[in-house]
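Right, one structure below, let's go through it.
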Amino acid sequence: MVDKISLKKIITDFQRYSANLMNTNYEECDANFKRFKKYIDENQLISSITQEKIKFSSIDYKECFLTQNSSWEEDFSVPNDESDHLKAIYDYMDMIEKENIAFFNIAGLYSCQSNKLVDIIHNFNMKVILPLIDYVNIELSKKLLEYDEFYPTINFSGNNSPVFFQSSGNQDVSYVNNDLDKINDLINSIITSISNLESNVINKDELKDDIAIMQESLNSSKPNISRIKRIFDKISSTICEITATISGVALISDKLNKLWELIEKLILR
């Protein structure tokens, strides 16, 4: 099991590679595809997540997806079994890489309402590759939840700033306002970034309300750490699920990782 800091880095890296692929332009699609495939193969955790899921499936990707020799009327056929579906996606990507087929040549096999090159590529990514990205993102989120710990609230003295401390009883602690100022600044930046998203996939108002509730608890005299963690996990899960599909969300995810690092510094004081 990787440590928490390493896991967060893996999550950030995976989101970056997947976002680059999902949002790629025509000129960079081959490079972004190869970088993504290389990362999921060479990163031990990502590879284990993928291989553990598909190892018992024997499906042939040609039963599901178009090849340059296909003569189907439909674009593709999605297997009922999730393991079969993910194996077909992985093997399909493996074939594209090993046979060095131009990424756009494969994407162009699939029907698309637009004739723009970039739209054809994004159409293929959404239809074919996204389910694998979504699965890995969710599994990474689950692994991050394994690190959940309960930190009881303690009393404090000093400057009306909340203090978090792992303790079996009550203690009086004080610390400088600067830590909380950084947290509030970052939270405000996250809220602004969410407001600027051009997307109907998520309820931005609900997401901002959750963040506001978390911020209010952080700034209270007796913050409930378990509640803060639950809200943070809910926010992170929502962002994680859409990171690869919406431009600008990867940046919000990075800010959330930095926010939790600041919160942890207070918790572990």
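Structure notes:
- Taking a Cβ cut-off of under 10 Å around Ile46, the surrounding Lys, Arg, Asp and Glu residues balance to a net charge of -4, with basic ones at +1 and acidic ones at -1.
- If you sort Glu82, Glu139 by accessible surface, 1.4 Å probe, largest first, the order is Glu82, Glu139.
The values are calculated or read from the model by the stated rules, or taken from the named source; none is laboratory data. Note that the structure is a prediction, hence the values are computed from the model and not measured. Every residue, glycine among them, receives a Cβ derived from its backbone with ideal geometry; neighbour counts consider all protein chains shown. Remember, those area values only see protein heavy atoms, side chains included, never the ligands or the DNA or RNA. Shrake-Rupley method; radii C 1.70, N 1.55, O 1.52, S 1.80 Å.
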